[in-house]
Amino acid sequence: MKEKNNTIYLDYASTTPVDPRVAKRMMEFLTPDGEFGNPASRSHRYGWKADEAVEEARSHVANLVNCDPREIVWTSGATEADNLAVKGIAKFYKTKGNHIITSKIEHKAVLDPCRQLERDGFEVTYLEPNEGGIITPEAVQEAIKDSTILVSIMHINNELGTLNNIDGIGRITREKGIFFHVDAAQSTGKVPIDLKQLPVDLMSFSAHKTYGPKGVGALFVRRKPRVRIEAQIHGGGHERGMRSGTLPTHQLVGMGEAFRIAKIDMKQDIEKIKKFHDMFLDQVNDIEHVYLNGDVANKVPNILNVSFNFVEGESLIMGLKDIAVSSGSACTSASLEPSYVLRALGRKDELAHSSIRFSFGRFTNEDEVLETLSILKNVVERLRELSPLWEMHLDGIDLDTVEWKTH
Amino acid sequence: MAYSKKVVDKFEDTLNNPQAFKVGRFDPAELNVGTGMVGAPACGDVMKLQIKCEPKGNSHVIKDVKFKTYGCGSAIASSSELVEMLIGKTLEEAKAIKNIEIVEALELPPIKIHCSVLAEDSIRQAIEDYESKQ
C-alpha cells in the first residue's frame with residue numbers, strides 16, 4: 001500500500017477515487033474464480049455470464065441518463081467518445097455539409113478532433129463564451145450556416161463548472177436538422193440528465209469522474225431520430241459496428257456500478273457539496289481581490305474556480321503543497337500560456353495566471369474544507385508580501401498603466 | 001510539476017521567512033539604491049530587485065539587497081538564489097553573474113530557464129539604475 005498521505009484532495013474534477021463499493025464489484029470479474037470470460041464468446045457459460053454483466057452495466061448507465069440501453073456505446077473514456085462523436089458524424093455526413101460549430105472552452109478531446117477535421121477540409125466555428133463562461137443558444141443560432149452538420153457543446157465546463165443550456169441549444173439544432181453532441185464528462189452524478197426529454201443526439205460520458213475506474217466511458221447515440229456515425233476503430237464489429245474491441249468486463253461493470261450508485265446518492269452528494277461550496281465561497285471572499293471565475297448563478301457547486309489577484313497560480317499551488325488542486329495556468333508547458341478557458345472569458349492574463357480550481361467530491365469532509373481555507377488565507381497573504389504587484393497596488397499604482405519590460 | 005528539491009526548499013524557506021531572505025524594499029529615491037524591475041504580469045512573472053551600494057576604492061560594493069517576485073515557484077527561488085550571490089560583490093563582479101549559475105544552483109529544468117534569465121536581467125537593470133545616479 002502507499003505511504004500515509006495527509007494531502008487534502010480537492011481535485012475531483014480531474015478524477016475521483018473509485019468508490020470502494022465499485023471496486024468490490026469489479027473484483028468479481030477478473031480472477032479464475034470470477035466471471036472473467038469474453039462477453040463476445042457465444043459458445044459457453046463464461047461468455048454468457050460476462051455478457052450478462054456487461055448488459056446489466058449498460059442498463060445502469062442508461063438508467064442514470066434516462067435513455068435506452070441500446071443507445072449506449074462503450075468506449076475507453078470520454079476522450080474516445082468525443083472523438084467518435086465528432087469525427088464519426090463529420091465523416092458519415094460529409095456529403096451533407098462540412099461545417100461544425102463548437103466553442104473555445106471545450107475540452108481538448110473535442111477541440112483537437114475539430115482541428116484534425118479542419119486539416120481534412122472541414123470548416124469549424126469556435127464560439128466565444130460570454131463573460132460568465134456560458135455558451136448561449138443565441139450564439140449557436142447565429143453561427144449556423146446551410147453547410148452546418150454538427151454542433152458540439154459541453155454540458156458542464158471542466159475548469160469553471162459552468163452549466164450550458166443544452167436544452168435550448170438542442171431545440172435550435174433539432175429544428176434545423178443539425179446533429180448535436182454534448183460532452184457530459186463532468187455531469188453524471190452532479191446534475192440530473194433526462195435524454196428522453198433533451199434534444200441531444202450524442203452525449204459523451206466518463207466513468208472516472210463519477211467514482212468509477214479510469215479507462216472506460218460511453219457514447220450515447222440516439223436511435224430515434226436515428227443518428228449514424230462512422231466507426232473510428234475497426235476489428236470485429238463490436239458495439240453494433242460503432243466501436244470494435246473486446247469489451248473490458250470489469251471496467252464496464254465498474255462504470256455501471258458507479259452510475260447505479262450515482263443515481264441513488266446524487267441528491268445527498270449534491271446537498272453536502274453545496275454546503276461546502278457556500279461555506280468556501282463565503283470565507284474566500286474575506287480575502288481581498290479575489291474573483292470567482294464563471295457565472296455563480298449558473299454553475300455546479302462541486303467546482304470553484306477562483307483567481308487571487310497579484311499572486312501567480314503556480315506559486316500558489318506550490319504554497320498549497322498539502323492540498324491537491326489544479327491551476328488554470330499552464331506554466332509548466334513550454335508556451336507559458338494561461339488557461340485558454342479563462343482567456344476566452346476575457347479575463348486579464350494576470351488573473352488567468354492566478355486562478356486555482358477547487359473541486360469537491362463525495363469523500364470531502366468539512367474539516368478538510370476548513371483547513372484548506374485556513375491554509376489558503378495564510379499562503380495568499382505570504383505570497384502577496386513577496387509580490388511586487390501587490391506592493392504597487394498598495395502604493396496606489398494602476399498596474400494597467402505601467403510599461404512592463406517584457407522579456 | 002517536477003521541481004527539484006532545491007527549488008522547493010528555496011521557495012518554502014523564502015515564503016516562510018521573508019525577512020531572512022531579503023524580501024522587502026528600499027526607498028528607490030535614495031542615491032545609494034539601484035532598482036531593477038523586469039517581466040510583466042501578463043507573462044506570469046515580475047521581478048523587482050534593489051541593491052544598496054557604497055563606494056570602495058575605484059568600484060562600488062553591494063552592501064544589501066531587497067527583492068520582491070511575482071511568479072512561479074522557480075521564479076521566486078531564482079530571485080532568492082540571486083540575492084544570496086550578490087551581497088559583498090563589487091558591481092563588476094555582479095555584472096559578471098550569469099543565469100547558468102542560478103540554473104545549476106537550483107537544478108532548474110529547461111522550461112524554467114527563463115526564470116534565471118529574468119533574474120540576470122533584474123540585476124543588470126538594478127546596476128544600470130544605480131550607476132545612472134552616481
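Summary of values
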read-out	value
Span-rule helices in chain A, defined as complete DSSP H runs reaching 18 Å or more along the axis (Cα) with Kyte mean at least -1.0	A:45-65, A:78-92, A:249-284, A:366-386
Within 10 Å of each Cβ in B:35-42, the average number of Cβ atoms from other chains	6
Accessible surface of region A:259-391, 1.4 Å probe, proportion on carbon and sulfur as whole %	48 percent
Note, ³J(HN,Hα) from phi for region B:51-65, Karplus 6.51, -1.76, 1.60, rounded to Hz, x at Gly and Pro	10, 10, 10, 9, x, 8, x, 8, 10, 10, 10, 7, 8, 8, 9
Test item: A:205-213 mean partner chain Cβ contacts at 10 Å	0
Exposure rank, largest accessible area first [A:Met242, B:Met47; 1.4 Å]	A:Met242, B:Met47
Amide H within-cut-off set for A:Asn293, under 5 Å, with H built and near neighbours excluded	A:Asn305, A:Val306, A:Ser307
Carbon/sulfur fraction of accessible area - chain B, other protein chains in place, 1.4 Å, %	52 percent
Structure-based [θ]222 nm, the protein assembly as shown - -39500 (n - 2.57) summed over DSSP H runs of at least 4, per residue, nearest 500	-12500 deg cm²/dmol
All-pairs Cα distance distribution in the protein assembly as shown, expressed in whole percent, bin size 10 Å	4, 17, 23, 21, 16, 11, 6, 2, 0, 0
Whichever lysines have a C-alpha closer than 17 Å to that of A:Lys108, once near sequence neighbours (fewer than 8 apart) are set aside	A:Lys87, A:Lys209
Interface burial for B against A (accessible surface, 1.4 Å probe, total of both chains, Å², rounded to 100)	3100 Å²
Whole-Å distance, taken between Cα centres, linking region B:19-72 and region A:195-222	55 Å
Long-range HN-HN contacts of A:Ile323 with modeled amide H, under 5 Å	A:Ile8
Chain A, relative contact order in percent, only Cα pairs under 8 angstrom and at least six apart counted	21 percent
Bridge type composition, the protein assembly as shown - antiparallel percent by DSSP, nearest 5	70 percent
Accessible heavy-atom area order of A:Tyr46, B:Tyr3, highest first, probe of 1.4 Å	A:Tyr46, B:Tyr3
Shielding score for B:71-80, defined as the mean number of other chain Cβ atoms within 10 Å	5
Value of relative contact order over region A:159-278, rounded to a whole percent, pairs C-alpha under 8 Å and six or more apart	21 percent
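The values are calculated or read from the model by the stated rules, or taken from the named source; none is laboratory data. In this text, all values refer to a predicted model and were calculated from it rather than measured experimentally. Virtual Cβ from ideal backbone geometry, glycine too; neighbours counted across all protein chains shown. Accessible surface areas use protein heavy atoms only, side chains included; no ligands, DNA or RNA. Shrake-Rupley method; radii C 1.70, N 1.55, O 1.52, S 1.80 Å.
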